[in-house]
Amino acid sequence: MTIIILMGAPMSYVGQPLRRREDRRLLTGRGRYVDDIRVPGTLHVAILRSPHAHAVITAVDVTAARAIPGVRLVLAGADFVGRIGSIRPNWVIPGTAVPDRPVVATDRVRFVGECVAVAVAETRAAAEDARDLIDVMYEPLPAVVDEEAAIADGAPQLHDNVPNNITTRYKVGGGDYAEAARSADHVLRLRLVNNRLIPTCMETRAILAAPEDDGSLTVYMGSQVPHMHRRWIAETVGIPEHLLRIVAPDIGGGFGAKMHLYPEELLCAWLARTLQAPVKWWESRSESHQATSHGRAHTEHLEIAIRNDGRILGLKVETLGNVGAYLSNMASGGPTVNTVNFGTGTYRIDNYQAVAKVIVTNTVPVDAYRGYGRPEGAYIAERAVEATARHLGLDPVDVRRLNFVQPTEFPYRPYGSKGVFYDSGNYQGCLDKALAMFDYAARRAEQAPLRASGRYRGIGVAAYTEMCGMGPSRRLGMIGFDRGGWESARINIDSGGKATLFSGSMSQGHGHVTVLAQIAADTLQIPVDDITVVQGDTRQVQAGHGTFNSRSMAVGGSSTKVCAGRIVTKATKIAANMMEVDEKDVAYQAGRFVVPGTDIAPLSFATVARMAYVGHALPAGLDPGLDETLFYDPTGLGAPSGVHMAYVEVDPETGVVEILDYVAVDDAGIIINPLLAEGQIHGGVVQGIGQALYEDVHYDRETGQLLTGSLLDYAVPRADTMPAIRSCFQETPSPTNPLGVKGIGESGTIGAPPTIVHAVLDALAPFGITHLDMPLTPSKIWAAIQQAQEAKS
């Protein structure tokens, strides 16, 4: 075999399905998670949590707990007053009433699982024994767990400064919905429940806070946002920021839940400084269910104004967002900006009227969970379109085609919005690819004969879009964020020509070590194996906002690309001086600096890098070294989109759903690594299937007790029930960033729930069943079939 190397042809890593560079270490047991870290003399923290959903604390007695051998400290809420500040949300929609949240409850508890007291001991067992001996006296109060019940007359009030339990009222829209309704042939009404979920990470939360000899404090934690956690902990506990280091080692899943500020992080930091000893807290699975933020938890009321041909003239939405007992980090923005802003989805619905209410209840706080608001928004749009098609007896695919925003209309502002802007897309193209992959016509044709033989198969289709890659900073400030939207990158080239990239993004299994290296390698034109990626250490990495909102490639990747470009620009100046030519005459090709059209010998990147540090032949005024730092603030957000389809069979005797096929066509702009992108789609789709079919948090409506307190009660998807997910990409480049990328991490959780729901409802159509709320469990489906059959008889 002859291999021909075309000199001058630049190598290209972007677009290549490289395997993850980090996997070998993880697969061979060399991963390093927080609980793997051992520091001599570590003390252990156990937290007493409220058994009541709503109660007044009348007394706390820690005497017996302090008598346990090995116990170093036992404290109640009053002991922290004036020592640790209240937990403040980081996104506050203007006009929001923010209830106070102490790190440990002092006089009143508002959800089962709220921190009430803390025990610190030399062993975890001793700490837990001490915790169990803390005696707390309560006077129970009436509780409310449902968002609709919480705003009803006479409902228990959680906070004095939050009348009617509504922290935020938010309105958005355009056109004239009332006129659309008057001119419509039909006005449909639909009530939707977007079920509450628990972000079930493989690794629960854990924190290790260790004082250092220099007076600083190192906190090891599975953080999606290490630098933001440093700021929040520093401000709340009163630690000078330069004396606080956050280290995020390997993370066993985050999904949004590990980007918030929790009491345990503040407690561990304060306790370690107070005791001048390392302290560690580890969350059990059942503790996680009542201490880590939940997701979703919406009720939506829809009115849909339609014509007989399937055209949607107008849409009216009321969203009731249950955010639990307190406003967590981003809670006021989820049901509002992130949900109802996107209620028209991929469709041209010019007359839109939406209101969102953010509601507190006696439940675990609700915050960002993979997609945060965009799955809820897409569900609104998709259920509206599907209900239109079913009501009129039209093909759901045809109704989508009729209402889609057309490719020529981009960039597009839905309903004339000032805040929502879809940069690019081709929804028709995604749909056409999905239909071809799915063999739609053939499967539609086989449904009737199968139903005649007693087999009920259904086809589901759903389209979605979103805005992600959070930024720009000024825009975030306008809508109430206390953070920026930029991301930073630093690239250091050593004297041998090898690169170290320090990125403010933070991987939780995403594959950043691979894809960020691919981006840098393409611009630097050096082998990807010559690039080391460093993340998750606030002492090593200059600054950052971390990973959430599908922003790592669009913002973190763009900062990497631009920073690498600056390295090449400086190296070109050095090369030109070494070759004694004008800088504009030098070209950089395939890792070599050349002067085209001359016989001047090329210089390798490594040769120029060495000179950058030797310094003998630097242009006048140019500093030695090859090291650049960049803060990249995006000019806008990208709008990924896609069309998903599913084929299911429902057993009418048991209600069991079998997913026979799943097709996902996603437009995430330019794909950096198809293998990893497909993995992101697979993971998101599985989580979306989990919401559609299995997962649901249950509370006792009278007592507020969490009834799904462990994985014995809370069902998550299993490998043996998942289909083979077939993934395909359409690449419509985004004009908002230098890579042309859009986010992809949340796409599956947005597209999958309505797709699966529509497939199941299509299978159940012969029974006259038109709507069921998620999750579509066997018992729920079976009961619906029985009820439908009884109604017919």
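Values as computed for the structure displayed
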item	result
Number of the condition not met by VAL98 [criteria: (1) under 25 Å from GLY333 (Cα atoms); (2) in contact with a helix residue (DSSP H, G or I) (Cβ under 9 Å, 6 or more places away or on another chain); (3) open to solvent by 10 Å² or more (accessible area, probe 1.4 Å)]	(2)
Test for GLY688: is it modelled with pLDDT of 95 or more, crowded, with 18+ Cβ neighbours inside 10 Å and out of contact with any strand residue (DSSP E or B) (no Cβ under 7 Å at 6 or more places or on another chain)	yes
Those strands (runs of 3 or more DSSP E) lying entirely in segment 38-92 with at least 3 residues over 22 Å from TRP281 (Cα atoms)	55-61
Residue list for segment 114-167, filter: farther than 30 Å from GLU318 by Cα, touching a residue at least 12 places away in the same chain (Cβ under 8 Å) and of a type in the set (Gly, Ala, Ser)	ALA117, ALA119, ALA121, ALA126, ALA127, ALA130
Residue in segment 546-566 that is open to solvent by 20 Å² or more (accessible area, probe 1.4 Å), out of contact with any Cys (no Cβ under 9 Å at 6 or more places or on another chain), at pLDDT 95 or above and polar (S, T, N, Q) present	no
Qualifying positions in segment 272-325 - touching a helix residue (DSSP H, G or I) at 6+ places or on another chain (Cβ under 8 Å) and aliphatic (A, V, I, L, M)	VAL279, ALA291, ALA297, LEU302, ILE304, ALA305, ILE306, ILE312, LEU313, LEU315, VAL317, LEU320
Residue under evaluation TYR613, criteria (1) open to solvent by less than 70 Å² (accessible area, probe 1.4 Å); (2) in a helix (DSSP H, G or I); (3) over 17 Å from ALA520 (Cα atoms); (4) out of contact with any Phe, Trp or Tyr (no Cβ under 7 Å at 6 or more places or on another chain), criterion not met	(1)
Residue satisfying all of: in segment 219-240; buried (at least 18 other Cβ atoms within 10 Å of the Cβ) and more than 26 Å from the chain's Cα centre (by Cα); nearest to GLU695 (Cα to Cα) among these	VAL237
Criterion: in contact (Cβ under 8 Å) with a residue 24 or more places away in the chain, open to solvent by 20 Å² or more (accessible area, probe 1.4 Å) and touching a strand residue (DSSP E or B) at 6+ places or on another chain (Cβ under 8 Å) - qualifying residue of LEU739, LEU761	LEU739
Count of segment 292-318 residues which are farther than 26 Å from VAL360 by Cα and either open to solvent by 10 Å² or more (accessible area, probe 1.4 Å) or at pLDDT below 95 (or both)	5
Residues within segment 467-498 that are in contact with an Asp or Glu (Cβ under 6 Å, 6 or more places away or on another chain) and among the hydrophobic types (A, V, I, L, M, F, W, C), tallied	2
Wholly within segment 121-207, helices (runs of 4 or more DSSP H) carrying at least 1 residues that are farther than 30 Å from PRO754 by Cβ and open to solvent by less than 20 Å² (accessible area, probe 1.4 Å)	124-133
Any hit, segment 577-587, residues being at pLDDT 95 or above and open to solvent by less than 10 Å² (accessible area, probe 1.4 Å)	no
Out of ALA783, ALA791, sole residue that is open to solvent by 10 Å² or more (accessible area, probe 1.4 Å) and in contact (Cβ under 8 Å) with a residue 60 or more places away in the chain	ALA783
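The values are calculated or read from the model by the stated rules, or taken from the named source; none is laboratory data. From a predicted model like this one, the values you see are computed outputs, not experimental measurements. Backbone-built Cβ (ideal geometry, glycine too); neighbour counts: all protein chains shown. Surface accessibility is based on the protein's heavy atoms, side chains included, excluding ligands, DNA and RNA. Shrake-Rupley method; radii C 1.70, N 1.55, O 1.52, S 1.80 Å.
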